[in-house]
Protein chains: 2
Amino acid sequence: MKSEKYHIILDAAIKVFAEHGYFQSTVAQIARKAGVADGTIYLYFENKEDILLQFFSYKTRQIFDQFQKEVDKVDSAEDKLRNLVRSHLKEFQGNMDMAIVFQAETRQIQQAEAIKTHIRDISRKYRELVGEIVEEGQREGCMRKDLYIGLVKTYITGAVEEVINSWVQAGGKYDLVSMADPLVDLYLKGIGIQTV
Amino acid sequence: MKSEKYHIILDAAIKVFAEHGYFQSTVAQIARKAGVADGTIYLYFENKEDILLQFFSYKTRQIFDQFQKEVDKVDSAEDKLRNLVRSHLKEFQGNMDMAIVFQAETRQIQQAEAIKTHIRDISRKYRELVGEIVEEGQREGCMRKDLYIGLVKTYITGAVEEVINSWVQAGGKYDLVSMADPLVDLYLKGIGIQTV
DNA sequence: ACCTGGAATGAATGAGTATTCATACCTAAC
DNA sequence: GTTAGGTATGAATACTCATTCATTCCAGGT
């Protein structure tokens with residue numbers, strides 16, 4: 001089990017990163033927010049970069065397990081998709097600082113190699129999860145067979161992330177979770193009028 | 001008309017920003033790539049931040065006008081949506097460095113005020129354009145009336161951007177424009193089987 | 001040939017900041 | 001009361017880089 005101070009520093013760092021962005025945040029600011037001396041940070045983390053790395057490797061794993069758990073709770077593909085989207089929005093609504101750091105640092109193509117690896121890994125797992133749900137939906141007969149799965153993964157991921165991004169840009173002022181059902185409705189039915 | 005060197009420096013800067021990210025890029029690197037001395041940069045730009053600002057205010061306006069032009073070329077809402085998505089993918093495919101800078105810097109909530117204003121402005125205009133197309137589609141009778149327009153804007157924007165992001169992450173190795181029609185197909189019909 | 005003014009240079013400046021480490025502070029055991 | 005080991009401190013170090021500006025370059029006019 002990690003020491004208490006490890007978590008205090010990590011939480012403080014996420015707040016500072018969320019406020020100023022990783023590259024503009026200073027170790028001194030993190031130390032101050034955590035209520036420790038600058039040097040203390042280095043007893044728990046290799047360096048500044050390691051703090052961001054720990055965030056990605058620790059928090060994302062935790063969150064992804066939560067997604068998986070929610071998906072496994074139900075049987076139909078539609079319910080799985082619904083639970084995935086709802087838990088995604090719920091987790092991010094519950095931790096806006098984390099959401100901001102995710103939004104910003106995930107799109108930086110030029111992160112340190114170790115961090116890039118984690119980001120790619122979590123993104124791949126998320127896309128795989130979506131892929132499995134859609135394939136299950138096809139077997140169940142509730143989802144179209146003529147889909148380019150690779151594009152569907154992108155389409156679903158992109159829309160949820162932008163819903164979160166809009167919420168962040170608006171300062172987190174409205175309820176994010178209530179977007180889940182309308183969004184899944186769009187995923188399934190689209191915006192066009194069906195002429196079957 | 002802006003001097004030739006202005007454009008040389010701006011183009012070099014976008015390349016450097018794309019490669020290293022704004023905050024990790026140095027003025028010396030930009031000067032080197034542009035083939036000028038460090039001090040020369042300051043004859044054409046206020047400071048480092050101004051370079052990014054000029055990029056957003058100059059390039060984005062140019063690109064957005066292109067989107068608008070493509071949309072106005074056709075009459076039906078469906079074709080407008082199709083042209084918007086296609087020209088969006090086309091412009092970004094044609095300038096990958098720009099695409100990377102967009103992906104990365106647009107999500108940074110902690111940019112300088114002037115830059116944030118430009119980002120918000122372009123994002124608002126894009127969303128408005130999508131909104132108008134959808135409302136026209138509703139009047140035409142080819143799009144559902146029971147849509148929460150705000151969410152639809154987010155949904156459409158997010159999916160295109162993630163399609164671009166995936167392409168960037170993959171190193172721009174495949175044809176982006178060919179994603180346009182399948183994507184619009186998803187927008188209109190969704191992934192579910194219609195039980196009208 | 002000689003000016004002249006705008007353009008360009010790049011070394012010097014100075015501010016900022018990640019990281020280190022000699023020192024101080026505990027706490028608990030004896 | 002003393003000591004030992006782990007923990008914490010924060011001033012000092014050793015950079016990196018944006019920005020400045022005294023100097024140089026150069027083209028076109030006289």
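The values are calculated or read from the model by the stated rules, or taken from the named source; none is laboratory data. In this text the structure is predicted, and so the values were computed from the model without any measurement. Virtual Cβ from ideal backbone geometry, glycine too; neighbours counted across all protein chains shown. Keep in mind that these areas ignore ligands, DNA and RNA; they rest on the heavy atoms of the full protein, side chains included. Shrake-Rupley method; radii C 1.70, N 1.55, O 1.52, S 1.80 Å.
Of B:K48/B:K73; A:K125/B:K173; A:K48/A:K153; B:K48/B:K90, which sit over 27 Å apart, Cα to Cα? Flagged as over cut-off: B:K48/B:K73; A:K48/A:K153; B:K48/B:K90. Per residue, chain B reaches -24500 deg cm²/dmol at 222 nm when only DSSP H runs of four or more residues are counted, each adding -39500 (n - 2.57). Semi-axes of the equivalent ellipsoid for region A:74-153, computed as √(5λ) from the eigenvalues of its C-alpha gyration tensor and ordered from largest down, come to 28, 17, 9 Å. Placing one identical point scatterer on every Cα of chain B and ignoring solvent, what is log10 I(q)/I(0) from the Debye formula at q = 0.08, 0.16, 0.17 Å⁻¹? The Cα Debye sum returns log10 ratios of -0.32, -1.05, -1.14.
The string of couplings for region B:77-90 from the Karplus curve (6.51, -1.76, 1.60, θ = phi - 60°) is 4, 4, 5, 4, 4, 4, 5, 4, 5, 5, 5, 4, 5, 5 Hz, one whole number per residue in order, with x for Gly and Pro. For A:Y42, the solvent-accessible surface computed with a 1.4 Å probe is close to 120 Å², ligands and nucleic acids excluded. In whole percents, the pair-distance distribution calculated for region B:1-45 from its alpha-carbon pairs, binned every 10 Å from zero, is 32, 57, 11, 0. Chain A and chain B together bury an accessible surface of about 4700 square angstrom, both sides counted, with a 1.4 Å probe and no ligands or nucleic acids included. Here region B:28-49 is scanned for amide nitrogen atoms under 11 Å from the site 7 Å beyond the Cα of B:A114 along Cα-to-Cβ, giving B:45-49. Computed from backbone phi, the HN-Hα couplings of region A:66-71 come to 5, 4, 4, 4, 5, 5 Hz, rounded to whole numbers (Karplus: 6.51 cos²θ - 1.76 cosθ + 1.60, θ = phi - 60°; Gly and Pro given as x).
Per residue, the Cα convex hull of region B:121-173 amounts to 89 Å³. Stretched out straight at 0.36 nm per residue, the stretch from A:D121 to A:D11 would grow longer than its current Cα-Cα span by 37.4 nm.
Excluding same-chain neighbours fewer than eight residues apart, the aspartates and glutamates reachable from B:K5 by a Cα-Cα span under 14 Å are B:D38.
What fraction of the Cα pairs in region B:1-80, stated in percent, has a spacing above 18 angstrom? The proportion of pairs with Cα distances above 18 Å equals 48 percent.
Accessible surface comparison of A:L53, B:L176, probe 1.4 Å, protein chains only, largest first: the order is A:L53, B:L176. Of the Cα atoms belonging to the protein assembly as shown, the radius of gyration and Dmax stand at 21.9, 67 Å.
Out of all Cα-Cα pairs in region A:143-196, roughly what percent, to the nearest whole number, are more than 12 Å apart? Considering region A:143-196, 72 percent of its Cα-Cα pairs are separated by more than 12 Å. Peptides A:43-51, A:164-172 ranked from most to least packed, by the mean per-residue count of other Cβ atoms within 10 Å: A:164-172, A:43-51. Dipole of the protein assembly as shown computed with +1 at Lys/Arg Cβ and -1 at Asp/Glu Cβ about the Cα centre; of B:I109, A:S25, A:N165, farthest Cα towards the positive end is A:S25.
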